[in-house]
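**Student:** Let me begin by handing over the structure; questions about it come next.
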Amino acid sequence: MRTFRIAPSILSADFARLGQEVKDVIAAGADIIHFDVMDNHYVPNLTMGPMFCEAIRPHSSAPIDVHLMVKPVDALAASFAKAGADIITFHPEGSEHIDRTLGLIKDAGCKAGLVLNPATPLTYLDHVMDKLDMILIMSVNPGFGGQSFIPHALEKIKQVRLRIDEYTAKRGGEIWLEVDGGVKVDNIAQVAAAGADTFVAGSAIYGQKDYKTVIEAMRAELARVNA
């Protein structure tokens, strides 16, 4: 049986009461806090910097999963590590030297991962699997919350699951497979069946009045996959 993790994205939370929003979603059963960082350069939007991470860190003992949609990556990765991030992922297009950036993140004490957009080839994984703790598949094009799931992402998830399983069978270790974009109660089981184990959900959770009910419904769908 696979372990499944639900990671609400605070991009969809109420920023006027962010600390309470983090506490509420963890109390409702979330496993991870997902942090979407956009720079209005790599993606056409501007969100939050390391100070936000530092501010919410005291409000939860749950891991903070920082997704850097920025270019360049290295300086901000170091700043988020210092601000309390536990996991830092970035897009290969945002780094001049992917292997070096992964090493910098791990040297700062964080888990490290790569993010693959819908049209990003899997070949970026070929020579860095030994440095990866997470692979994040984007099931929307990055830059905005509330987008619809792109169906062909399911095939990409299956291919990455095969790569992870083949690598860990030979070398050991653990690499999480996260999916971000349009994940909701209606499709989370399908995404899990394709091979994902960690699920980012923004508006699907924070857009509802009762976070616990939504998260419990997601877990019920995931239980069907493990049955």
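The values are calculated or read from the model by the stated rules, or taken from the named source; none is laboratory data. These numbers come from a predicted model, not from an experiment. Don't worry about glycine lacking a Cβ; one is built from the backbone with ideal geometry, like all the others, and counts go over all protein chains shown. These area figures cover heavy atoms from the full protein model, side chains too; ligands, DNA and RNA do not enter into them. Shrake-Rupley method; radii C 1.70, N 1.55, O 1.52, S 1.80 Å.
**Student:** For the condition surrounded by 14 or more Cβ atoms within 10 Å (Cβ to Cβ) and not β-branched (Val, Ile, Thr), what is the one hit in Ala220, Ala193, Ala169, Ala227?
**Tutor:** Ala193 is the lone residue from the list that is surrounded by 14 or more Cβ atoms within 10 Å (Cβ to Cβ) and not β-branched (Val, Ile, Thr).
**Student:** Of the residues Ala55, Ala30, Ala13, Ala62, which is open to solvent by less than 70 Å² (accessible area, probe 1.4 Å) and touching a Pro at 6+ places or on another chain (Cβ under 9 Å)?
**Tutor:** When all the criteria are applied, what remains is Ala30.
**Student:** Check region 70-87 and report whether any residue there is basic (Lys, Arg), closer than 30 Å to Gln20 by Cβ, surrounded by fewer than 21 Cβ atoms within 10 Å (Cβ to Cβ) and free of Cβ contacts under 8 Å to residues at least 60 places away in the same chain.
**Tutor:** Within region 70-87 (the criterion being basic (Lys, Arg), closer than 30 Å to Gln20 by Cβ, surrounded by fewer than 21 Cβ atoms within 10 Å (Cβ to Cβ) and free of Cβ contacts under 8 Å to residues at least 60 places away in the same chain), the answer is yes, since at least one residue qualifies.
Matching residues to (1) at pLDDT below 95; (2) among the small types (Gly, Ala, Ser); (3) touching a helix residue (DSSP H, G or I) at 6+ places or on another chain (Cβ under 6 Å):
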{"residue": "Thr89", "(1), (2), (3)": "no, no, no"}
{"residue": "Gly94", "(1), (2), (3)": "no, yes, no"}
{"residue": "Ile98", "(1), (2), (3)": "no, no, yes"}
{"residue": "Lys111", "(1), (2), (3)": "no, no, no"}
{"residue": "Leu116", "(1), (2), (3)": "no, no, no"}
{"residue": "Pro121", "(1), (2), (3)": "no, no, no"}
{"residue": "Tyr124", "(1), (2), (3)": "no, no, yes"}
{"residue": "Asp133", "(1), (2), (3)": "no, no, no"}
{"residue": "Leu136", "(1), (2), (3)": "no, no, no"}
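**Student:** Name the residues in region 34-47 that are over 15 Å from Val200 (Cβ atoms) and open to solvent by 10 Å² or more (accessible area, probe 1.4 Å), would you?
**Tutor:** Residues satisfying the conditions are Asp39, Asn40, His41, Tyr42, Pro44, Asn45, Leu46.
**Student:** Hey, another quick one. Sort out which residues of region 151-166 are crowded, with 17+ Cβ neighbours inside 10 Å and touching a Ser or Thr at 6+ places or on another chain (Cβ under 9 Å), and write them in order of number.
**Tutor:** Ala153, Leu154, Lys156, Ile157
**Student:** With respect to His41, determine if the residue is more than 23 Å from Thr198 (Cα to Cα) and modelled with pLDDT under 95.
**Tutor:** Against the criterion (more than 23 Å from Thr198 (Cα to Cα) and modelled with pLDDT under 95), His41 qualifies.
**Student:** Six or more apart or on different chains, Cβ under 6 Å: which pairs go from a residue in region 39-52 that's closer than 9 Å to Val70 by Cβ to one that's open to solvent by less than 40 Å² (accessible area, probe 1.4 Å) and assigned to a helix (DSSP H, G or I)? Could you list them?
**Tutor:** Close Cβ pairs (under 6 Å, with a partner that is open to solvent by less than 40 Å² (accessible area, probe 1.4 Å) and assigned to a helix (DSSP H, G or I)) amount to Tyr42/Gly94.
**Student:** Moving on. Within region 88-136, count every residue that is of a type in the set (Gly, Ala, Ser) and surrounded by fewer than 19 Cβ atoms within 10 Å (Cβ to Cβ).
**Tutor:** Residues meeting the conditions: 4.
**Student:** Here is a further query. Going through Thr120, Thr101, Thr89 one at a time, which residue ends up being of a type in the set (Ser, Thr, Tyr) and within 27 Å of Gly29 (Cα to Cα)?
**Tutor:** Thr89
**Student:** Can you tell me which of (1) modelled with pLDDT of 95 or more; (2) in a loop (DSSP other than H, G, I, E, B) is the one Lys106 doesn't meet?
**Tutor:** (2)
**Student:** Of all residues in region 122-145 being of a type in the set (D, E, K, R) and either touching a residue at least 60 places away in the same chain (Cβ under 8 Å) or outside any loop (DSSP other than H, G, I, E, B) (or both), which is farthest from Pro8 (Cα to Cα)?
**Tutor:** Ranking the candidates gives Asp130 first.
**Student:** Next question, about the same structure. Quick check on Ser148: is it loosely packed, with under 14 Cβ neighbours inside 10 Å and either in contact with a strand residue (DSSP E or B) (Cβ under 7 Å, 6 or more places away or on another chain) or touching a residue at least 24 places away in the same chain (Cβ under 8 Å) (or both)?
**Tutor:** Yes; evaluated as a whole, the condition is true for this residue.
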